[in-house]
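The values are calculated or read from the model by the stated rules, or taken from the named source; none is laboratory data. As the structure is a prediction and not an experimental result, all values here were calculated from the model. When we count neighbours, we look across all protein chains shown, and the Cβ atoms used for this are built from the backbone with ideal geometry, even at glycine.
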Amino acid sequence: MISNKNMLLRAVDVFDIYVEPFIHSGFRLPNQPYSYYYRSLFSLHNETLSVWTHLFGTIILIVQAFQQISQLSINSYSTIQSIYIIYNCIGACIMLLCSAQAHLFHSRTLADHLRSFYLDYF
């Protein structure tokens with residue numbers, strides 16, 4: 001866990017591309033190994049809420065999809081409708097996970113920032 005507040009930077013200490021309006025502090029150190037950013041998942045920083053809302057959304061979506069699929073035979077959905085539910089769930093989970101990884105890894109390097117948000121916005 002990243003627990004030291006001194007390890008977080010202010011907006012003036014990072015590249016402008018990492019800064020969002022009205023976010024003035026809580027930026028993670030750039031150019032760290034990926035393990036640093038994985039560990040930052042369990043600490044407070046400027047992206048904590050963004051990452052966790054996408055991860056919780058993914059979990060909720062998977063639970064809801066399993067509930068829908070488990071009731072397919074009860075409600076006598078057709079095979080086409082069940083496949084539609086599964087494909088939509090997979091697509092929505094991919095979207096949420098791409099967004100979570102973008103918020104988790106974008107401050108590593110400029111290349112990671114561009115790659116992450118390309119996947120997020122794609």
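Between a residue in region 12-29 that is free of Cβ contacts under 8 Å to residues at least 40 places away in the same chain and any residue that is surrounded by fewer than 13 Cβ atoms within 10 Å (Cβ to Cβ), which pairs come within a Cβ distance under 7 Å, given they are 6 or more apart or on different chains?
Final answer for the pair search is His24/Arg10; Ser25/Arg10.
Of the residues Leu96, Leu55, which single one is out of contact with any His (no Cβ under 8 Å at 6 or more places or on another chain), modelled with pLDDT of 95 or more and assigned to a helix (DSSP H, G or I)?
Working: Leu96 fails: out of contact with any His (no Cβ under 8 Å at 6 or more places or on another chain).
Checking each option against the conditions leaves just Leu55.
Give just the number: which of (1) surrounded by fewer than 14 Cβ atoms within 10 Å (Cβ to Cβ); (2) touching a residue at least 12 places away in the same chain (Cβ under 8 Å); (3) under 14 Å from the mean Cα position of the chain (by Cα) does Ser99 not satisfy?
(1)
Could you pull out the residue among Leu114, Leu29 that is buried (at least 16 other Cβ atoms within 10 Å of the Cβ) and either aliphatic (A, V, I, L, M) or not in a helix (DSSP H, G or I) (or both)?
Numbers: Leu114 fails: buried (at least 16 other Cβ atoms within 10 Å of the Cβ).
Of the residues listed, the single one that is buried (at least 16 other Cβ atoms within 10 Å of the Cβ) and either aliphatic (A, V, I, L, M) or not in a helix (DSSP H, G or I) (or both) is Leu29.
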